[in-house]
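The values are calculated or read from the model by the stated rules, or taken from the named source; none is laboratory data. None of these values were measured; they are calculated from a predicted model. Here the Cβ positions follow ideal geometry from the backbone for every residue, glycine too, while neighbour counts run over all protein chains shown.
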Amino acid sequence: MAQLCQHLPEFEALNTRIVVISFGRPDQAGIWLAETNALFTLLLDPERKAYRAYGLEYSLLRSWSLNVWLRYAQLILSGRKWRGIQGDSGQLGGDFIVDSNGVIRFAYRSLDPTDRPSISQLLAALEDDAKPSDNKS
Amino acid sequence: MNPVNLQPNDIAPDVTLLGLDGQSVPLARMWQDRQIALLVFLRHLG
């Protein structure tokens with residue numbers, strides 16, 4: 001999320017609104033927004049309707065694999081504040097780019113919490129979509 | 001295994017979510033006004 005904040009001007013230059021979706025409670029979401037200084041639109045999905053509609057998986061096993069523990073340890077050692085687990089830790093996330101016609105242009109469902117698309121992948125997908133259609137492969 | 005497997009060129013599902021003020025917000029509103037939306041589904045707020 002911090003990387004998205006750093007690259008926000010590049011997304012805005014590509015006419016892209018970043019929309020963060022969470023199943024957390026409104027009070028948790030307000031605290032999170034204040035702590036992260038995120039300038040994104042934040043929508044809440046307490047019933048996880050959107051998570052299901054976009055096919056995002058639920059796996060406690062993959063959410064707490066050794067790889068995930070190692071990543072958390074790295075973040076904490078690098079000085080990242082540990083906020084604890086807020087809500088159901090088995091729900092996995094994902095990233096989707098939707099164009100102004102409501103068509104999905106990029107779909108990425110996380111296999112575990114450390115698995116997210118890179119900023120360069122997201123920007124490349126947006127830049128590719130911005131090209132005239134006769135230039136697309 | 002989740003049966004939903006959305007791919008590029010599929011129509012994005014529209015569902016009604018909540019804003020921080022508790023008001024209903026259609027997800028499709030995020031990609032209206034000729035704007036592209038990057039939907040970032042969080043795992044949790046920790």
Restricting attention to the stretch B:1-36, the residues that are without any contact (Cβ under 8 Å) to a residue 12 or more places away in the chain, surrounded by 11 or more Cβ atoms within 10 Å (Cβ to Cβ) and aliphatic (A, V, I, L, M) number exactly 9
Exercise for review: Please tell me if A:Arg17 is under 14 Å from the mean Cα position of the chain (by Cα) and either modelled with pLDDT of 85 or more or within 21 Å of B:Gly19 (Cβ to Cβ) (or both).
Suggested key: yes
Residue hits (the stretch A:58-76; over 30 Å from B:Asp14 (Cβ atoms), more than 10 Å from chain B (Cβ to nearest Cβ) and without any contact (Cβ under 8 Å) to a residue 40 or more places away in the chain) are A:Leu61, A:Trp64, A:Leu66, A:Trp69, A:Leu70, A:Ala73, A:Gln74, A:Leu75, A:Ile76
Residue set A:Gly55, A:Gly79, A:Gly24, A:Gly93; condition under 27 Å from B:Thr16 (Cα atoms), free of Cβ contacts under 8 Å to residues at least 40 places away in the same chain and of a type outside the set (A, V, I, L, M, F, W, C); output residue A:Gly93
*Could you tell me whether the stretch A:69-91 includes any residue that is over 18 Å from A:Ala2 (Cα atoms), within 13 Å of the chain's Cα centre (by Cα) and modelled with pLDDT of 75 or more?*
yes
Taking the stretch B:11-31 and keeping residues within 7 Å of chain A (Cβ to nearest Cβ) and out of contact with any helix residue (DSSP H, G or I) (no Cβ under 8 Å at 6 or more places or on another chain) leaves B:Ile11, B:Gly19, B:Val25, B:Ala28, B:Met30, B:Trp31
In the stretch A:20-58, anything surrounded by 14 or more Cβ atoms within 10 Å (Cβ to Cβ) and more than 18 Å from B:Gln23 (Cα to Cα) is listed as A:Ile31, A:Trp32, A:Thr36, A:Ala38, A:Tyr51, A:Arg52, A:Ala53, A:Tyr54, A:Gly55, A:Leu56, A:Glu57, A:Tyr58
Residues of the stretch A:101-120 being assigned to a loop (DSSP other than H, G, I, E, B) and in contact with a strand residue (DSSP E or B) (Cβ under 8 Å, 6 or more places away or on another chain), in sequence order, are A:Gly102, A:Ser110, A:Arg116, A:Pro117
The helices (runs of 4 or more DSSP H) lying entirely within the stretch A:13-84 that contain at least 2 residues which are more than 18 Å from B:Pro26 (Cα to Cα) are A:26-36, A:60-63, A:66-77
